[in-house]
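Bear in mind these aren't lab numbers, they're just calculated from the coordinates by the rules spelled out. Because the structure is predicted, anything quoted here is derived from the model rather than measured. Note that we place each Cβ from the backbone using ideal geometry, even for glycine, and neighbour counts take in every protein chain shown.
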Amino acid sequence: MTQDEMKKAVAQAAVDYIKPKLEKDSIVGVGTGSTANFFIDALAEIKHLFDGAVASSDATAERLHQHGIPVYDLNNVLDIEVYVDGADEFDPRLNLVKGGGGALTREKIVAAVAKEFVCIVDSSKQVDLLGAFPLPVEVIPMARSQVARELVKMDGMPVWRENFVTDNGNLILDVHDLEIINPKALERELNNIVGVVTNGLFANRGADVVLMGTEDGVQTLTL
Ligand code: 5RP
């Protein structure tokens, strides 16, 4: 099975997982990335079962529109029944590193509102300890160098993701070499640096369930 076939299988598994939870007025939160794209394609098949979606990026909003799924501004929505998104890494506590696609801030906002966060990954994303994947940090442009110096003090090695601007008009520093022993504490500490918008650790609001595509089918992981 190729990685794309695993992503497709897990995207379909996510649709099967959320289907019984959806009602006519339900809103689905939708993540960003290649796995999320497979999910959007599968979600389109059941679009008559729910009201619409909140998108975590402009790219996702565009794909949802293409499928005829109504996209709502989060400010006009009270509840999100479930949020479905991929990840760059997940650990045994279902803490995540996200932001490989640069959509981390909106992803974190939609995840915070959602009643349930379903993370969809292929097995390459499973790790014992987070941090091999460089941790994305979204920064206000004028604070880029200052935030980078602060990250170096924390023993990280920030690399500016050049020629990339987030949907919010900000920049990304990808931080290598971080020892992520305590993801919750590190998430808070990084968010406390002046000039940081948010970071790609999803630990204080991690996934509620991870659906992982493997060679032998989709596994469901919960705490
Ligand atoms: C985007 C993300 C994605 O969920 C993450 O990068 C995984 O992407 P993919 O499904 O393409 O492997 O956080 O900001």
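For the reader, a short list of remarks on this structure follows.
- Among beta bridges that DSSP assigns inside region 69-180, antiparallel share in %, nearest 5: 70 percent
- Surrounding net charge for TYR72, when Lys and Arg each add one and Asp and Glu each subtract one, Cβ distance under 12 Å: -4
- Nearby lysines by direct alpha-carbon distance to LYS19 (threshold 19 angstrom, same-chain neighbours under 8 apart not counted): LYS7, LYS8, LYS47, LYS115
- Descending semi-axes in whole angstrom, ellipsoid equivalent of region 1-72, from the Cα gyration tensor: 19, 15, 9
- Region 79-187: radius of gyration over Cα atoms, expressed as a fraction of 2.2 N^0.38 Å: 1.08
- Kirkwood radius and radius of gyration were both taken over the C-alpha atoms of region 75-123, and their ratio Rg/Rh is 0.98.
- Backbone N under 20 Å from the ALA185 label point (7 Å along Cα→Cβ), restricted to region 142-162: 150-157
- Dipole magnitude of region 36-122, debye to nearest 20 (Cβ charges: Lys/Arg +1, Asp/Glu -1, about Cα centre): 140 debye
- Using the Cβ-Cβ distance between ASP73 and MET142 with R0 set to 22 Å, the FRET efficiency from 1/(1 + (r/R0)^6) comes to roughly 0.20.
- The charge dipole of region 122-223, taken about the Cα centre with unit charges on the Cβ atoms of Lys, Arg (+1) and Asp, Glu (-1), comes to about 440 debye, rounded to the nearest 20.
- Share, in percent, of DSSP beta bridges within the chain that are antiparallel, nearest 5: 55 percent
- Theoretical gain in end-to-end length, VAL159 to VAL194 [0.36 nm per residue, Cα-Cα removed]: 10.8 nm
- Label-point separation in nm, ASP25 to ARG93, each point 7 Å along Cα→Cβ: 3.8 nm
- Taking a Cβ cut-off of under 13 Å around ASP122, the surrounding Lys, Arg, Asp and Glu residues balance to a net charge of -3, with basic ones at +1 and acidic ones at -1.
- Principal semi-axes in Å for the chain [√(5λ), Cα gyration tensor, largest first]: 29, 20, 15
- Here, P(r) means the percent of Cα pairs in each 10 Å bin from 0 to the largest distance; for region 1-130 it is 13, 49, 32, 6, 0.
- Restricting attention to region 1-133, close to 15% of DSSP beta bridges with both partner residues there are antiparallel.
- Modelled label reach - ASP216, point 7 Å along Cα→Cβ, region 1-30 residues with backbone N closer than 11 Å: none
- Farthest toward positive dipole pole in region 1-80 [+1 Lys/Arg, -1 Asp/Glu at C-beta], among ILE40, SER57, VAL71: ILE40
- Simple Cβ-charge dipole of the chain, Lys/Arg +1 and Asp/Glu -1, about Cα centre, in debye nearest 20: 420 debye
- Efficiency of FRET from Cβ geometry, VAL113 and GLU45, R₀ 22 Å, rounded to 0.05: 0.35
- Percent breakdown of C-alpha pair distances by 10 Å bin, ordered from the shortest bin, for region 130-197: 23, 58, 19, 0
- Placed amide H near VAL71: partners under 5 Å, 5+ positions off or other chain: ALA53
- Long-range amide H partners of VAL197 with built H, under 5 Å: GLU138, VAL139, ILE140
- Near ILE27: Cβ cut-off under 12 Å, other residues only, Lys/Arg at +1 and Asp/Glu at -1. The net charge is -3.
- Note: region 176-223, Cα convex hull, 122 Å³ per residue.
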